[in-house]
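Following: one structure in structure tokens, then a few remarks.
The values are calculated or read from the model by the stated rules, or taken from the named source; none is laboratory data. All of these numbers come straight from a predicted model, not from anything done at the bench. Glycine also receives a Cβ, built like all others from the backbone with ideal geometry; neighbour counts cover every protein chain displayed. The area values use the complete protein model at the heavy-atom level, side chains included, leaving out ligands, DNA and RNA. Shrake-Rupley method; radii C 1.70, N 1.55, O 1.52, S 1.80 Å.
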Amino acid sequence: MEDVRNGLYIMNNFPETRTKELNGEWEFYWHELLLPDDLKNGNQQPPDLVKVPSPWSNYELDGEKLPKQGYATYRLQLVLPQSEVGTAKALYIPGASSAYKLWIDGEPKVGSGVVGKSKDLMKPQNVPRMVQFQVHDQEIEIVVQVSNFYQRKAGIFDSILIGEPEVIAQYREKKILFRSMIVMSLVVMGLYHAALFALRRSELPLLFFGLVCFLVSVRAVLLDGILAFYTLPFLSWEWGNKLEYLGASLGILFFALYTYTQFPKDMNVRIRNAIVAVMASYSLFVILTPSLVFTNTMRFLQLLIVVIFIYLIYVDMKALMKKRESSLLNAIANLLIFLAVINDILLYNHLIKTTELASVGLSFFLFTQSFIISRHYSKSFKQTEELSRDLAKLNASLEQQVHDRTVELRQMNRDLQTANQKLNEAHQSRSKWIRNIYHEIANPLTTIQVYTKGILDGVIQSDKKFIQLVHEQSLYLSRMLNDLHDMTEIENREITFNRKKVNAREYTRKIYDKYKIDIEEQGISFLYEDSIADNEDLFVLMDKLRIEQVIVNFLKNAQKFIGDGGIIKLEVAKDEDRQLMIKVEDNGAGINEKEINLVFDRFFKSRRHEVAGNGSGLGLAIAKEIIDYHGGKIGATSKEGKGSSFYFKLPIVAAVSKTREER
């Protein structure tokens, strides 16, 4: 609640142990530099009432906002309790832009800079002041002349405080002490890391960290002017403003670079370069332009800082999710400094009334980073010590290590001999395979050549029977080449399997329905048997096309070795090991017991039943490779003269009860 109303503040109780803000409605005389005598004589226009503290660019007179450049007079009537008459009081004036002069009860007390009606007549300065005065009467008049032609802030933008002289002095000393502690800690950290960088030039994080410390310390010195007044008396007001802005722009630039050195894999290089380019350009703009120009870009600078901080927090969160070293501490520190920056932006835009926290937030952040860097070096030293101990142990046990290495080399030599032997066996196996391929291709190719040559020479008449024979041999060669292609892809791991969860009962039934008509057209009875429990569905992971290729191979082999009236049965069941089993049985000629274990070898053909065009001898070998890829098992049983049974088993991934599913 505001205490000053209509330019009058009646204090019924004067605070003895704390300060009181003179906030509220002050009398305001625009474009008039009035003296206390002028106000007593009544020679001025009626005053406007304005809110203090607030830049006068926020005021509206006659429906129009006031410009930032100009001059004015503020006036406040202060009524103290009768008990305070004859005592000493004090005011604390944080500053007024860009120059001011203050009177108390008609007596000039304090000022900062030179107040004037034009830029040439005034001199800017912003130094917080403490002024003591004697209370001669209950009514006290405070008159303040302010002029601004140099920057965006204009008028009394911060609260003027009143209190006992000791309380005001303590308040002022606490501000100086607090600011000094922050500045000294930043300078010490900056010097420490600069020294470390001088010793290790390859460690760029140390350089960026030290620069951030120095820049933040410069901004902290200049922030409210009180510390700069004592430590940098030679610094002009113009360059003080420039350095304050440069502390923010260059500070955030090196802050971003430091974050990049911490998490280079998580920060986009293009965004990093954009941040550097934008902030470097803005810093150059601040150097080359006067305060009246660059101070009006404060909100643009604040927006840039907020956007950059949001991105840096995003980088920290990304590093945290990837569990980078020190990412949690970085994320917490960045979040706290971001909140401090938001607080200051709202404070300087007069949206909230708190205190400046960016320097504190940065100090905390820099402390955490100093801790992280120290921990990093501590780990490096620890690793060096561990390496030294390991080296000592290594030297002490060198003889044993040489002996162990010799044993290892001997074992490696034996392994190499074994590998060479296996390679030789593989080479012989490959040579045997190539001879088999040659044999399988040579026979039909020779047949084709003989008959086509005989037809061309006129020895054999161009009869449909011979042309049909040539055609069948060419089809055999085509099937042989297709099987060889499949086998090569499987061996080279080039074939892909599209395995999906499939209902085995439904899948097997569809296969039966698909080939039933073709098989029975040959006079063969084709039966289907489902041995799975009626209330259960079994699911397996399979490539439906490749498994169909295996089943069709079983069916084709069965068709070759049974005549008219034969029977083929396709069965699906769950075996005793709780695996899915799909089986093809026939009542054909069967296979000799000596040959049953060879049926899945490449190019194997049953000699007893070998007929022209009965296959390449690769079909069952390919089927075995397909089932192996599915993690299953393939096999066959047979009795000569009574038929054969070919089957494969696949792991069951799910068994669903139909009764439970219906519920």
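Taking 0.36 nm per residue of separation and subtracting the current Cα-Cα distance, fully stretching the chain between Leu35 and Val307 would add 93.2 nm.
Listed by chain and number, the aspartates and glutamates whose C-alpha is less than 13 Å from the C-alpha of Lys174, apart from same-chain residues fewer than 8 away, are Glu166. For the stretch 1-158, the orientation-averaged shadow of the C-alpha convex hull comes to 9.2 nm² (one quarter of the hull surface). Remark: the Leu351-Glu408 segment gains 12.9 nm on full extension, using 0.36 nm per residue and subtracting the alpha carbon distance.
The residue among Gly247, Ser202, Thr289 whose Cα reaches farthest toward the positive pole of the charge dipole of the stretch 188-294, with charges on the beta-carbon of Lys, Arg, Asp and Glu, is Ser202.
Computed from the Cβ-Cβ distance with R0 of 51 Å, the FRET efficiency linking Lys594 to Ser374 stands at 0.05. With the cut-off at 22 Å, tell me which of the pairs Lys68/Lys123; Lys65/Lys101; Lys514/Lys569; Lys501/Lys556; Lys101/Lys123 have Cα atoms farther apart than that. In this structure, Lys65/Lys101; Lys501/Lys556 lie more than 22 Å apart at Cα. Restricting the stretch 491-571 to GluC sites (Glu not before Pro) that sit in a DSSP loop and have at most 13 other Cβ atoms within 10 Å of their own Cβ leaves Glu494, Glu521.
With the cut-off at 1.5 for a/c, could you classify the stretch 258-364 from its C-alpha gyration tensor as rounded, prolate or oblate?
oblate
Applied to the stretch 584-592, the Karplus parametrisation 6.51 cos²θ - 1.76 cosθ + 1.60 on θ = phi - 60° returns per-residue 3J(HN,Hα) values of 10, 10, 9, 10, x, 5, x, 10, 4 Hz, with x for Gly and Pro. With the Cα gyration tensor of the stretch 1-94 giving a ≥ b ≥ c as the square roots of its eigenvalues, does the rule (a/c under 1.5 for rounded; else a/b larger than b/c for prolate; else oblate) give rounded, prolate or oblate? The shape class here is prolate. In the context of the full set of protein chains, the chain has a per residue accessible area of 55 Å² (1.4 Å probe). Answer with one residue from Phe157, Leu223, His136: the one whose Cα lies farthest towards the positive end of the charge dipole of the chain, charges on Cβ with Lys, Arg +1 and Asp, Glu -1. Towards the positive end, the residue furthest out is Leu223.
In summary, the lysines within cross-link reach of Lys633, defined as a Cα separation below 17 angstrom excluding same-chain residues under 8 places away, comprise Lys544, Lys574, Lys583, Lys624, Lys649.
Ser159 to Tyr528: extension gain in nm, 0.36 nm per residue of separation minus the Cα-Cα distance? Present the calculation step by step, with values, prior to reporting the outcome.
Details: separation 369, 0.36 × 369 = 132.84 nm, distance 9.65 nm.
That pair, Ser159 and Tyr528, stretches by 123.2 nm at full extension.
The eigenvalues of the Cα gyration tensor, multiplied by 5 and square-rooted, give the chain an equivalent ellipsoid with semi-axes of 99, 32, 25 Å from largest to smallest. In straight Cα distance, which aspartates and glutamates are under 18 Å from Lys353, not counting same-chain residues fewer than 8 positions off? Straight-distance partners of Lys353: Glu2, Asp3, Glu21, Glu25, Asp158, Asp224, Asp344. What's the angle, to the nearest 10 degrees (0 to 90), between helix 398-457's Cα axis and the longest principal axis of the chain? Around 50 degrees separate the two axes. Share of carbon and sulfur in the accessible area of the stretch 1-108 stands at 41%, probe radius 1.4 Å.
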